[in-house]
Amino acid sequence: MIQHSFWGEIVEDWAGFSPGVKFVSPYFPEKEIKLFLGTEYDEDGEEIEIPPTTDQLDSFQKTYSAFIDGIDTVMEAIKAQTFERYLGLYAHYYENETKSGTPPLGITTMDKHFVTLQDVLYLRILDHDTIKIPIHYTIDTEHGLEIKLNANRIVAIGGIAET
């Protein structure tokens, strides 16, 4: 356990190292979202047991602060690009009663789609201005959805652990 002026107490948690700070946003009004700092596993697939250094924590702070400062732009990009992904991968099935066997979901706008992205599991702040956001995606509960940001730009969208 270590202390940091921004993050507070850093503790080893179920998926790596977690600070006392939680992500709270009007985009996800129903909960405080846990943060993890750094990767969970090393290149050999072993759990990381050494906490982040002060320099890493300072770098994570800059990445997270930039994310918070640009949250409106980031969230608009997430809404747009995840909706495009829905249209390309899922809409042909879920919006067609003949294929799905159920009434269409009626997801015709970015905002209607964003409702399916409300169950954010956590945010992982990584080196090199990178953040990963895994989501329990109600459209695809088997794979979920993960968004990878670099310097507040979406660089990948895929299933959880696929970005």
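The values are calculated or read from the model by the stated rules, or taken from the named source; none is laboratory data. Small disclaimer: the values here were computed from a predicted structure and weren't measured. Every residue, glycine among them, receives a Cβ derived from its backbone with ideal geometry; neighbour counts consider all protein chains shown. The area values use the complete protein model at the heavy-atom level, side chains included, leaving out ligands, DNA and RNA. Shrake-Rupley method; radii C 1.70, N 1.55, O 1.52, S 1.80 Å.
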Quiz item: So is ARG153 at pLDDT 95 or above, surrounded by fewer than 17 Cβ atoms within 10 Å (Cβ to Cβ) and either within 22 Å of LYS22 (Cα to Cα) or among the polar types (S, T, N, Q) (or both) or not?
Solution: yes
Quiz item: Of the residues in the stretch 55-88, how many are of a type outside the set (Asp, Glu) and open to solvent by 90 Å² or more (accessible area, probe 1.4 Å)?
Solution: 2
Exercise. Considering only the stretch 95-114, state which residues are β-branched (Val, Ile, Thr) and surrounded by 20 or more Cβ atoms within 10 Å (Cβ to Cβ).
Key: ILE107
Exercise. Need at least 2 residues that are under 18 Å from LYS34 (Cα atoms) and free of Cβ contacts under 8 Å to residues at least 60 places away in the same chain per element, so show me which strands (runs of 3 or more DSSP E) inside the stretch 49-163 make the cut, counting only ones lying wholly within it.
Key: 130-135, 145-150
Practice problem: Would you confirm whether any residue within the stretch 4-12 is touching a helix residue (DSSP H, G or I) at 6+ places or on another chain (Cβ under 8 Å), surrounded by fewer than 16 Cβ atoms within 10 Å (Cβ to Cβ), over 23 Å from LEU117 (Cα atoms) and at pLDDT 95 or above? | Solution: yes
Quiz item: Across the stretch 130-143, what is the total count of residues that are touching a strand residue (DSSP E or B) at 6+ places or on another chain (Cβ under 6 Å) and not aliphatic (A, V, I, L, M)?
Solution: 4
Quiz item: Can you tell me how many residues in the stretch 28-39 are surrounded by 15 or more Cβ atoms within 10 Å (Cβ to Cβ) and not in a strand (DSSP E or B)?
Solution: 4
Quiz item: Conditions: (1) among the hydroxyl-bearing types (Ser, Thr, Tyr); (2) at pLDDT 95 or above; (3) more than 26 Å from GLY20 (Cα to Cα). THR102 meets all but one. Number of the miss?
Solution: (2)
Self-check item: Residues located in the stretch 115-144, provided they are crowded, with 19+ Cβ neighbours inside 10 Å and either in contact with a Gly (Cβ under 7 Å, 6 or more places away or on another chain) or of a type in the set (Gly, Ala, Ser) (or both)
Solution: LEU126, PRO134, ILE135, TYR137, GLY144
